[in-house]
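First comes the structure, then the notes that go with it.
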């Protein structure tokens with residue numbers, strides 16, 4: 001058994017300063033220690049997949065992060081691990097607890113199967129792993145091995161943690177309580193009643209590109225990323241593939257890693273609905289340099305224009321209820337452009353209804369996801385120099 005301090009402080013020497021995840025009693029000492037530490041950050045995620053995306057955004061922005069989760073939630077992380085980290089080649093360090101360990105301590109029945117398949121799941125996803133160190137003398141070597149693997153392969157690495165690997169650590173501080181942000185003073189204008197009155201997604205994206213300049217732009221998976229690429233491929237843009245619903249929390253991690261840059265997330269209605277809990281996490285963290293733009297065509301456009309349920313959901317009200325201090329409806333591409341031209345500090349949610357459908361001759365990006373990530377890293381280094 002080791003002390004939480006020994007692992008966290010050693011990891012800090014290796015550059016890890018942000019922790020995110022979903023609590024498990026096995027990692028409670030880490031969470032408490034990080035919350036107490038003034039020079040570390042803990043982001044409580046709504047689910048394990050969100051946590052992976054948050055850490056991945058932070059990693060791309062130059063801030064190393066560690067994801068903590070119970071193995072029962074590993075399934076929630078499969079999508080970003082296999083279609084974000086693996087495809088873009090962005091590594092992150094995982095700590096996955098081993099509830100229901102075969103031959104281990106008695107546990108609840110829901111952990112039995114996952115305990116049997118946890119390490120096999122990691123191997124199937126090409127995530128290298130080792131057991132979490134249980135002796136103080138093993139900590140530095142374990143972290144060095146993990147970092148070496150991530151540097152060499154550009155893939156995640158996992159520590160699988162057995163029960164009682166870490167000594168208890170009692171929380172001495174209180175997590176910061178955040179009151180609900182005041183309601184935006186911007187009145188909710190009515191959206192056009194018919195799709196024909198709405199701008200196309202391409203018109204909206206062209207408006208975005210006219211005013212984002214050197215901002216970091218993250219486009220959700222599907223036609224949004226492809227259309228943004230077709231409008232104008234730029235090194236400050238990231239086109240999500242797979243990992244549906246992760247764009248907003250990926251943007252959160254990126255915004256926290258790079259508070260010196262504005263991050264604009266271009267989200268879709270289907271994607272936002274898939275991981276609606278991300279609104280609560282972002283609304284609590286309230287990064288002042290994040291603008292969350294929802295391009296809502298009430299359809300899963302790239303899979304056949306099947307209807308979503310957003311025609312009967314007020315997603316702006318959801319964002320406001322989750323703590324976004326400024327929520328704005330816009331009805332035209334020009335209004336979207338004007339809203340983004342306002343560079344006032346503060347987390348914002350901008351909601352635009354667009355027409356369903358995409359250009360008939362829409363091209364696929366010729367730049368690979370790995371190349372997109374590599375050039376964005378280079379862009380950030382040049383901007384910092």
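The values are calculated or read from the model by the stated rules, or taken from the named source; none is laboratory data. Keep in mind it's a predicted model, so treat the numbers as computed, not measured. Note: ideal-geometry Cβ built from the backbone for every residue, glycine included; neighbour counts use all protein chains shown.
A few remarks follow.
- Of residues in the stretch 253-282 being within 21 Å of residue 182 (Cβ to Cβ) and in contact with a helix residue (DSSP H, G or I) (Cβ under 7 Å, 6 or more places away or on another chain), the one surrounded by the most Cβ atoms within 10 Å (Cβ to Cβ): 282
- Of the residues in the stretch 99-112, at least one is touching a residue at least 60 places away in the same chain (Cβ under 8 Å) and either assigned by TED's automatic domain parsing to the domain that holds residue 24 or under 19 Å from residue 247 (Cα atoms) (or both).
- Any chance residue 256 is in contact (Cβ under 8 Å) with a residue 60 or more places away in the chain and assigned by TED's automatic domain parsing to the domain that holds residue 341: yes
- Any hit, the stretch 212-223, residues being in a helix (DSSP H, G or I), under 30 Å from residue 80 (Cβ atoms), at pLDDT below 95 and not assigned by TED's automatic domain parsing to the domain that holds residue 79: yes
- 1 or more residues out of contact with any strand residue (DSSP E or B) (no Cβ under 8 Å at 6 or more places or on another chain) and farther than 20 Å from residue 238 by Cα: qualifying helices (runs of 4 or more DSSP H) within the stretch 286-385: 315-321, 333-341
- Any hit, the stretch 99-121, residues being closer than 22 Å to residue 61 by Cβ and surrounded by fewer than 18 Cβ atoms within 10 Å (Cβ to Cβ): no
- Unmet criterion (only one of (1) surrounded by fewer than 21 Cβ atoms within 10 Å (Cβ to Cβ); (2) closer than 28 Å to residue 16 by Cβ; (3) at pLDDT below 95) for residue 166: (1)
- Residue within the stretch 162-174 that is farther than 21 Å from residue 248 by Cα, without any contact (Cβ under 8 Å) to a residue 12 or more places away in the chain and in a loop (DSSP other than H, G, I, E, B) present: yes
- Test: residue in the stretch 175-188 that is at pLDDT below 95 and outside any loop (DSSP other than H, G, I, E, B): no
- Screening 72, 79 for residues that are out of contact with any strand residue (DSSP E or B) (no Cβ under 8 Å at 6 or more places or on another chain) and more than 18 Å from residue 278 (Cβ to Cβ) leaves exactly one candidate, 72.
- The stretch 44-72: number of residues that are assigned to a strand (DSSP E or B) and over 23 Å from residue 162 (Cα atoms): 1
- Selection of the stretch 285-307 for residues being within 22 Å of the chain's Cα centre (by Cα), modelled with pLDDT under 95 and surrounded by fewer than 22 Cβ atoms within 10 Å (Cβ to Cβ) yields 300, 302.
- Residue list for the stretch 122-152, restricted to those being closer than 18 Å to residue 55 by Cβ and surrounded by 14 or more Cβ atoms within 10 Å (Cβ to Cβ): 122, 125, 127, 128, 129, 132, 143, 146, 147, 149, 150
- Any hit, the stretch 76-95, residues being under 10 Å from residue 21 (Cβ atoms) and not in a helix (DSSP H, G or I): yes
- Taking the criterion of being over 16 Å from the mean Cα position of the chain (by Cα) and more than 18 Å from residue 294 (Cβ to Cβ), the residues of the stretch 232-272 that qualify are 232, 233, 234, 235, 236, 260, 261.
- Within the stretch 8-31, being crowded, with 20+ Cβ neighbours inside 10 Å and either within 23 Å of the chain's Cα centre (by Cα) or assigned by TED's automatic domain parsing to the domain that holds residue 287 (or both) holds for 8, 11, 16, 18, 19, 20, 21, 22, 24, 27, 30, 31.
- Residues located in the stretch 224-255, provided they are within 13 Å of residue 80 (Cβ to Cβ) and assigned to a loop (DSSP other than H, G, I, E, B): 240, 241, 242, 243, 244, 245, 246
- For the stretch 50-75, the set of residues classified as under 14 Å from the mean Cα position of the chain (by Cα) and either within 18 Å of residue 239 (Cα to Cα) or modelled with pLDDT under 95 (or both) consists of 50, 52, 53, 54, 55, 56, 57, 58, 59, 60, 61, listed by residue number.
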